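A quick write-up on the structure given underneath.
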Amino acid sequence: MPPTTWVAAAPDRLASQQLDVLSAVFDRASGQTHLLAEPLPQILAVLNNAPGTSLDVANRLSISFDIEESDSLAQRISECLDELAALGLVVKA
Amino acid sequence: MIDDSQRDGVPPGGEQGETAATPRRDAGAAGHSAARRTVLMVGAAGVAAAVTIRPAFAQTAASVFNCEIPVPDPANSGRYIALNGTLVPAGTRGAFPGAARAFKGEEVRQALQGRSLPGTSYEQGQAYLNYIRRLRAGQSGFTCYASIQMPR
């Protein structure tokens with residue numbers, strides 16, 4: 001089975017505000033506000049206008065951040081994408 | 001990996017107090033960026049990284065079955081709905097006239113999961129769903145749509 005490609009919600013649908021280590025993200029489509037901890041805001045950012053798989057996300061994050069390499073990193077990114085999908089902030093392409 | 005050029009560089013716009021949560025999307029793009037890299041905390045497996053604040057109207061679960069979404073809203077009755085969900089002048093080629101009746105929240109919820117909207121062709125249903133996805137606060141049907149969107 002090919003890896004899932006993820007698409008982020010259109011930026012104009014969301015209003016974001018950094019709150020110290022959290023990001024408050026208001027979704028105009030659902031009327032909900034989500035408080036996101038790392039690495040969810042960063043995952044949304046790297047998917048912005050550039051759909052990608054969990055591997056793409058890991059690669060893009062590693063360009064901008066130091067991430068502790070581990071066998072479970074891809075699994076963790078995949079978990080985070082599932083969590084963002086449950087919030088409606090990313091969808092499968 | 002952090003190379004020396006990155007370690008020694010001054011981050012562009014890297015004012016004090018910027019948190020590790022701020023993405024540095026330009027950092028390291030060419031392998032010699034001046035941006036200092038930050039450590040991203042990915043968290044432990046199985047630990048939720050999000051909390052959702054639901055508006056009060058989300059508490060009325062029964063409303064999903066009974067609430068209604070007119071397509072289009074009464075203020076725009078007479079306009080057609082293009083396949084991408086935008087409102088266009090009546091008679092526009094490839095667009096559809098508004099639905100004869102408002103859809104129930106439950107009908108829309110099921111349509112979002114792949115069922116067809118009652119009384120619509122496939123493309124017509126997609127146009128209506130795209131219209132519904134574009135609803136914003138203040139438009140008729142938005143509260144109903146928002147209720148459907150609540151994570152369970």
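Read-outs throughout are calculated quantities, based only on the coordinates presented, and are distinct from any laboratory measurement. What you see is a predicted model, and the numbers here were worked out from it, not measured in a lab. Note that we place each Cβ from the backbone using ideal geometry, even for glycine, and neighbour counts take in every protein chain shown.
Given labels modelled 7 Å from the Cα in the Cβ direction, how far is it in nm from residue A:85 to residue A:4?
Result for the modelled spin labels: 0.1 nm.
Regarding region B:97-152, what whole-number volume in Å³ per residue does the convex hull of its Cα atoms give? Mind dumping the intermediate values first?
On the way: hull volume 4.6 nm³, N = 56.
Spelled out: Cα convex hull of region B:97-152, divided by residues, is 81 Å³.
Could you give the nm distance between label points at residue B:121 and residue B:92, where each point is 7 Å from its Cα heading toward the beta carbon?
Those two pseudo-labels are separated by 1.7 nm.
Could you derive backbone 3J(HN,Hα) for region A:23-37 from the dihedral phi with the Karplus parameters 6.51, -1.76 and 1.60 (θ = phi - 60°), listing whole Hz in sequence and x where the residue is Gly or Pro?
10, 8, 10, 8, 9, 5, 6, 9, x, 9, 10, 10, 9, 10, 9
So if R0 is 30 Å, what FRET efficiency would residue B:110 and residue B:51 give, r being the distance between their Cβ atoms, rounded to the nearest 0.05? Provide the component values of the computation, followed by the final result.
Details: r = 28 Å, r/R0 = 0.94.
Result of the calculation: an efficiency of 0.60.
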